[in-house]
Amino acid sequence: MIKYNHNLLSLYVHWPYCESKCPYCDFNSHINEKININDWIKSYKNQLLAMKEELIENNINFRHLDTLFFGGGTPSLMPLKIVESIIDISKKIFGFKKNIEITLEANPSSYESKKFIKFKQLGINRISIGAQSLNNKYLEFLGRLHNIEDVKIALNNASEIFDNISVDLIYAFHGQKIHDWINELESFLNTYNLQHLSLYQLTIEEGTKFFKDHKNGIIKLKDNDKAAEFYDISNKVLSDFRFIKYEVSNYAKNGFKCKHNLNYWNSENWIGVGPGAYGRLWSAKKNKNRIEYQNYKNPKTWLSKNLLQPDFEKITKLDTNVSDIDTLTMGLRLYEGLEISKINNLSIINFKSLKELQNQNMLTFKNDVLKVNKKHMIKLNSILDYLISH
Ligand SMILES: C[S@@+](CC[C@H](N)C(=O)[O-])C[C@H]1O[C@@H](n2cnc3c(N)ncnc32)[C@H](O)[C@@H]1O
Ligand code: SF4
């Protein structure tokens, strides 16, 4: 029996194309190709209409969309007509909350930053810029097509247009010196007035060019101790600049946490449309279940399958255990922790391990909130592994 009432609703729109494929990236992203704009609008529309039916069919009580997120791929490359149509259609179908957060991920190339004003006019009120590095040497290593000058232009442009700007950075490369990183970060934060930052340590993902290079010894990763040192110092710098760390890799100024991602971490309801996107809804029908909607990954397959009528690759009723483990895994990413009443079957937690983790000061469990202690957040994966009953 589902105990917790999930009543927030988000919409994720995936745009699968990029200028080029970055060697570290395992996202569903493909090199730009010629597309038929009207066909793409039709396929998105069919999926959005189908999801409205699913909300009704599952008695899901929602009052308009809380957030809308254009992710990718590189959504700043989307033809404006597609962005405009998706915003119009979803507003008509689901309605928008008055303070809806609408984010678009953008690359800092000059072509894309020229479009910022148009995005704002269409209703985008939060821009997430993939600067990735503050150092030309590492931008080249990451295979990015932009340089520091482009980042500067994009951020100056964005600052004139948006009140809510987020930047993504990747760090802790092999060979990166800690004082260089601190200096870069501090001078960056002194120069720009940002509301949000996502700092990711480089990970090697299977199927990427970096995966092969790593296997062949061409690139190396930082060892865990060094990576932890980078993590701690980054937390300190960000805290000095009055950013609140609210998730493993995410920092926000007061009032600027990303509402959309919070809905994922809090296991709320979200709809996912576009190639490879997935959505999850809590059905309110008699046998309450969480339902997952998975889309075809390949852009051409997705487009042709959804052009005349909506077609998801798979619709699955999630097993309670699977869903509970997901709720726990996502919820513990948050610094404020997880309300334990969100877990439907507590047998997924090994309470003997929980006690030990409490004794080692890694976890706290107070007033029904389970929380990983800040200092140990970097070890979240091993903590979860120990905590979950196998
Ligand atoms: C979908 S991408 C963002 C959109 C945009 N295409 C871009 O690259 O700027 C999401 C973010 O995940 C991060 N990311 C992707 N692959 C990563 C990896 N292997 N290691 C660390 N961070 C990664 C990058 O910071 C990237 O901005
Ligand atoms: S990191 Fe961003 S730009 Fe690079 S391939 Fe992935 S989605 Fe595209």
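Sequence neighbours fewer than 8 away in the same chain don't count; with that in mind, list the lysines whose C-alpha is under 28 Å from Lys212.
Partners found: Lys21, Lys137, Lys177, Lys220, Lys222, Lys226, Lys297, Lys300, Lys379.
Hey, if you put +1 on the Cβ of every Lys and Arg and -1 on every Asp and Glu Cβ in region 1-112, which of Phe27, Phe96, Ser85 ends up farthest toward the positive end of that dipole?
Among Phe27, Phe96, Ser85, the one farthest towards the positive end of the dipole of region 1-112 is Phe96.
When only Cα pairs under 8 Å and 6 or more residues apart are kept, what is the percent relative contact order across the chain?
This gives 18 percent for the chain.
Where does each of 233-245, 154-166, 212-224 land if you order them by average Cβ count within 10 Å, highest first?
Packing proxy ranking, top to bottom: 154-166, 233-245, 212-224.
Trypsin sites (Lys or Arg not before Pro), restricted to region 60-101: which are DSSP loop and have at most 12 other Cβ atoms within 10 Å?
Passing both the DSSP loop test and the Cβ count: Arg63.
Just to be sure I understand the model, the point goes 7 Å from the Cα along the line to the Cβ. What's the resulting Ile93 to Gln121 distance in nm?
With each label placed 7 Å out from Cα toward Cβ, I get 2.6 nm.
Positive end of the dipole of the chain, charges at C-beta (+1 Lys, Arg; -1 Asp, Glu), about the Cα centre: which of Phe173, Ser353, Ala106 has its Cα farthest in that direction?
Final value for the positive-end residue is Ser353.
Students often check this: by mean Cβ neighbours within 10 Å, which of 349-356, 71-78 ranks highest, and how do the rest follow?
Ranking, from highest mean packing down: 71-78, 349-356.
Enumerate the calculated ³J(HN,Hα) couplings along region 273-289 in order (Karplus 6.51 cos²θ - 1.76 cosθ + 1.60, θ = phi - 60°), each rounded to whole Hz, writing x wherever the residue is Gly or Pro.
Each residue's phi maps through the Karplus curve to give 10, x, x, x, 6, 10, x, 9, 10, 8, 5, 9, 6, 3, 8, 3, 9 Hz.
Pairing rule first: another cysteine's C-beta must sit under 4.7 Å. Under that rule, which cysteines of the chain stay single?
Unpaired cysteines in the chain: Cys18, Cys258.
Is there a quick way to get the dipole size of the chain? I mean about its Cα centre, with the Cβ of Lys and Arg at +1 and of Asp and Glu at -1; what is the value in debye to the nearest 20?
740 debye
I need the phi-derived Karplus couplings for region 193-208: 6.51 cos²θ - 1.76 cosθ + 1.60, θ = phi - 60°, integer Hz, Gly and Pro marked x.
Going residue by residue, I get 9, 9, 9, 8, 9, 10, 10, 10, 7, 4, 10, 9, 9, 4, x, 9 Hz, with x marking Gly and Pro.
How big is the antiparallel share of DSSP beta bridges in region 9-263, given as a percent to the nearest 5?
The answer is about 20 percent antiparallel.
Taken together, the values in this text are just the output of simple stated rules run on the coordinates, not laboratory data. Everything numeric here is computed off the predicted structure, so don't read it as measured data. Don't worry about glycine lacking a Cβ; one is built from the backbone with ideal geometry, like all the others, and counts go over all protein chains shown.
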